[in-house]
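The structure appears right after this line, and notes come after that.
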Amino acid sequence: MPALYVWGTEDTAFGPGPARETGRRVDGPYRFEVLPGLGHWIPEVAPGTLNRLLLDHLRTHGGRNLRAPLTVEENGGH
């Protein structure tokens, strides 16, 4: 399974050691992104950066065109 780990250098919950070592526990493609000066709450303080990284990851490994809207079946019937 492809994995993306986005880590901020000022994260006090997950230090640099565990963040960097996570890749050793992933069998599939692994991408580790470091965001200098950001802490643990990346979605709240840098949503644009995180969204860009997520969309790139999903486009690379997702197998579908993310610009196309989900069909009813893909969205669980909603």
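Does Thr60 meet the test of being polar (S, T, N, Q) and over 13 Å from Val6 (Cβ atoms)? Spelling it out, Thr60 is indeed polar (S, T, N, Q) and over 13 Å from Val6 (Cβ atoms).
Residue count for segment 46-64, restricted to those that are loosely packed, with under 13 Cβ neighbours inside 10 Å, part of a helix (DSSP H, G or I) and at pLDDT below 95: 1.
The values are calculated or read from the model by the stated rules, or taken from the named source; none is laboratory data. This structure is a prediction, so every number in the text was calculated from the model and none was measured. Cβ coordinates were reconstructed from backbone atoms using ideal geometry, including for glycine residues, and neighbour counts include every protein chain displayed.
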